Amino acid sequence: MPKWEAAVATENPKILYRIVQLLKELEMKFVICSPVDHRCEHAHVVISGPDDKSEHNLERVEVTEDFDPDLVRIKIMSKLYDLLNPSKAIIGIDPGMTFGVALVIDGVPVYTRSPTSPETVANLTRTLLEHANTLFPTSQKLVRIGTGSRLYCALLLRSLKNSGLNLSIELVNEHRTTTVGGAKSNESSAILIAGRSGRTVSASDFSIEPKEGYVRSLKRYVNRLTRGKKVLTSNEARELMVGKSTLEDIIADS
């Protein structure tokens, strides 16, 4: 049984600093040592730089000074859970005023985040799919989106469509995916959504009925996204819902 989840085995101070910050964020148990230190043998994952000589190639994650923290995070978590040749890489998304996003590999969550706008979620989805294709080229790629909020689900579908991404999407019933409230509750819901089969997307899923409740919600949402710089009128909210304008354009204009 490994004594540590990870060993940071590098002589490069820049890599050392950035990896330590990442491992702290992941709340992983780790040790800092030299690349030839025997303590590397007692770690599940060994993280080192390209100039660090290490004999632990099977457990090794090599990073450069300018490494992408999201990609390295997925690499570390995949190595930690022995996800060598997974069959499925699923992105689960819980739509709302704060979205929950999770990348789940063969049932194991390896990445979570809480973006605030559909456009940011679309960009993150693109990035996660690129990372999944790089690390797990033979696995099935799928996006699952919760339908608990018709308004925010539709806004997200529109942003994904506008992004030009070629995606396999399923819409998932969110019943019993809502967890106890907290800072990470939306991310926990996204993990549960990723693990539940859904239905295909239809044209009606992009439409939003201009209900007064949706108008009020959009006003609060745009105010929050723009930090009070944009005050959305009721007419602007209705135009957005019926597709005469986009959320991205409204935010850009602010």
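What the table below lists for this structure:
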| read-out | value |
| --- | --- |
| Cβ-defined net charge surrounding residue 236, 12 Å radius [Lys, Arg +1; Asp, Glu -1] | +1 |
| Between helix 212-225 and the chain: long-axis angle, C-alpha atoms, 0 to 90°, nearest 10 | 40 |
| Between segment 98-146 and segment 192-223, the alpha-carbon center distance in angstrom | 19 |
| Gap separating the Cα centres of segment 33-58 and segment 75-89, nearest whole Å | 19 |
| Between 0 and 90°, nearest 10: helix 69-80 axis offset from the chain longest Cα axis | 60 |
| 222 nm mean residue ellipticity, helices alone, for the chain (DSSP H n ≥ 4; -39,500 (n - 2.57); rounded to 500) | -11500 deg cm²/dmol |
| Cross-link partners of residue 24 among lysines (Cα-Cα below 26 Å; sequence separation of 8 or more within a chain) | 3, 14, 53, 75, 79, 184 |
| Contour minus Cα-Cα distance for residue 166 and residue 36 (0.36 nm per residue) | 42.3 nm |
| Dipole magnitude of segment 212-253, debye to nearest 20 (Cβ charges: Lys/Arg +1, Asp/Glu -1, about Cα centre) | 280 |
| Full-stretch length increase - residue 58, residue 239 - with 0.36 nm per residue and alpha-carbon distance subtracted | 59.6 nm |
| Fully extended contour minus Cα-Cα distance, from residue 197 to residue 231, at 0.36 nm per residue | 8.4 nm |
| In segment 54-100, GluC sites (Glu not before Pro) in a DSSP loop with at most 13 other beta-carbon atoms within 10 Å | 55, 65 |
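Just so you know, all these numbers are worked out from the coordinates, no wet-lab data involved. Please read all numbers here as calculations on a predicted model, not as lab measurements. Neighbour counts run over all protein chains shown; Cβ positions are idealised from the backbone, glycine included.
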